[in-house]
Amino acid sequence: MNDKKEKTILTGEVLITSCHHGPIEQGAVVIEGERVLECGKEDELLRKYPDALVEKRSGGLIAPGLVNCHTHAPMVLLRGMADDLPLKEWLEKYIFPAEAKLDRELIKTATFLACAEMIRCGITTFVDMYFFERQMAEVVDETGMRAYLGEGIFDFPSPAFDNIDAVLEETTHLIDLYKENCRIHFTVDPHTPYTCSSNILEKAGQFAKKHHLPLVIHLSETKWEVDETKSSYGKTPVRYLHELGLLGPNLVAIHCVWLEDEDIELLAKSGASVVHCPESNLKLGSGISPLAKLLDAGINVALGTDGAASNNNLDMLEEMDFAAKLPKGVGLDPSLVRAEEVFKMATENGAVAVGAKDIGRLEPGYQADIMVVDLDRPHLRPCYHPFSQLVYSASMGDVSDLMVAGRFVMKDYEILTFDERALLSKIKSLQNRPFWLKDGDN
Ligand SMILES: [Zn+2]
């Protein structure tokens, strides 16, 4: 066998394998097929594998690719359509009517745009709740990214499906269709406890358990939601889900801004994961999640951007910055939630949330999902502490290379898997004639 074809060594100025180990100066990753074979010092690995292909990134900070644990990717098409509004008015007057006009083609175009943006900020995996996930899966496969896709479930028809039975049937087909594909996975996504009846929530929970899938739900996002659930059921949304039997290690609870102490205990005991989306919570005026308390309780907290309409970007590097700074300001304590902890949230905690055992770190046997941040930029020099640099200084546009499952999807700032320039010109033409006005509405 020809070793040269099979192994690649990616070398950089510094390598982060995970938050459990210190950075390696002049580090390198050996990649074989879709997986990491070995990590270590560049000179040693170059000697050990003399026939491997070598990819040198002299000013590169090599790190595990980021996991955006909550988004609604196609909402990039709604970026900036309506801002600075109360949540209810924003949703009912602008977002829902626009979403009702989305079709399969628009979803595909929007997913390409979201993937381009995520690739450019170091995201190798994203966890998505939206509509038309079949079309999204096709696009994600083409872009080379990794995704966990969930079709939104509601009491009422969604733009894609009439009811939960149709959604679960589609999910069953998709699982079968992608069973050999290591990059495309599916989740079960009841939208919220207040847009789904208890019957629907239980049905979704049972399906997720039977098929060993993550159960993804927005939970305790706003004070209104908690007040409403308390007045309808006499309990908090977390206790309500607990009594329906939905809390467990496969539960991925998005937001969790408004939690009582008992809610935190219930989530911790059940082994559920929480996804923190600080920028969306701030922009929609929902509040600030008690992140330090959740981490202290031992809850697995991942990080997500939420959709671009409430953020307004999918930049996980920026999201890490918010996640690290907010608890310090709120708790009047700059030692709360260190850069390494936030980096862990943005990588391996996201993997744990969806039950992925081989992503989120660069270690032998893990998937080769890798980002390279170009440190040769004014705002990234000098670099004394690579974790701090990633969390507090880096942002979208600093990522030069991205590899998913051992394949470069971006190399030297160029996306290799699709034509980004043609995509952007298509999006520009959509901008000139917004799709939600396509029936002559205004
Ligand atoms: Zn969301």
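The values are calculated or read from the model by the stated rules, or taken from the named source; none is laboratory data. Please read all numbers here as calculations on a predicted model, not as lab measurements. Quick reminder, even Gly has a Cβ in these numbers, built from the backbone with ideal geometry, and neighbours come from all protein chains shown. Ligands, DNA and RNA are excluded from the accessible area calculation, which covers all protein heavy atoms including side chains. Shrake-Rupley method; radii C 1.70, N 1.55, O 1.52, S 1.80 Å.
At-a-glance table
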read-out: C-alpha long axis of helix 164-177 to longest principal axis of the chain, angle in °; value: 20
read-out: Estimated distance in nm for a label pair at His20 and Asn163, the labels positioned 7 Å out from Cα along Cα-to-Cβ; value: 4.7
read-out: Bins of 5 Å, starting at 0 and running to the largest distance - Cα pair percent for the stretch 364-442; value: 3, 12, 15, 14, 14, 14, 10, 8, 6, 3, 1, 0
read-out: Solvent-accessible area per residue for the stretch 1-110 (1.4 angstrom probe, square angstrom); value: 46
read-out: Surrounding net charge for Tyr413, when Lys and Arg each add one and Asp and Glu each subtract one, Cβ distance under 9 Å; value: -2
read-out: Relative packing of 218-227, 378-387, which averages over residues the other C-beta atoms within 10 Å, highest first; value: 218-227, 378-387
read-out: Computed [θ] at 222 nm, deg cm²/dmol, the chain (DSSP H ≥ 4; -39,500 (n - 2.57); rounded to nearest 500); value: -10000 deg cm²/dmol
read-out: Coordinate range along principal axes, alpha carbons of the stretch 66-353, Å, largest first; value: 48, 42, 40
read-out: Centre separation in Å (Cα based) which lies between the stretch 377-442 and the stretch 273-298; value: 25
read-out: Between helix 261-270 and the chain: long-axis angle, C-alpha atoms, 0 to 90°, nearest 10; value: 60
read-out: Estimated FRET transfer efficiency (Arg433, Lys88; beta-carbon r; R0 22 Å; 0.05); value: 0.20
read-out: Most positive-pole-ward Cα, Leu201, Phe408, Val391, against dipole of the chain from beta carbon charges; value: Phe408
read-out: Among 419-426, 129-136, the order from most to least packed when residues are scored by Cβ within 10 Å on average; value: 129-136, 419-426
read-out: On Cα atoms only, tilt of 133-143 relative to the major axis of the chain in degrees; value: 10
read-out: Extension gain, Ser425 back to Lys235 (0.36 nm per residue minus Cα-Cα distance, nm); value: 63.4 nm
read-out: Rounded percent of accessible protein surface that carbon and sulfur make up, the chain, 1.4 Å probe; value: 51
read-out: Assigned charges on the beta-carbon of Lys, Arg, Asp, Glu; the chain dipole about Cα centre (debye); value: 400
read-out: Positive dipole terminus of the chain, leading residue within Gly22, Gly152, Asn250 (C-beta point charges); value: Gly22
read-out: Out-of-range pairs (alpha-carbon distance over 24 Å; input Lys93/Lys328; Lys179/Lys426; Lys210/Lys269; Lys203/Lys230; Lys293/Lys344; Lys101/Lys428); value: Lys93/Lys328; Lys179/Lys426
read-out: Dipole magnitude of the stretch 325-394, debye to nearest 20 (Cβ charges: Lys/Arg +1, Asp/Glu -1, about Cα centre); value: 240
read-out: Magnitude of the charge dipole, the stretch 126-218, Cβ model with Lys/Arg +1 and Asp/Glu -1, debye to 20; value: 360
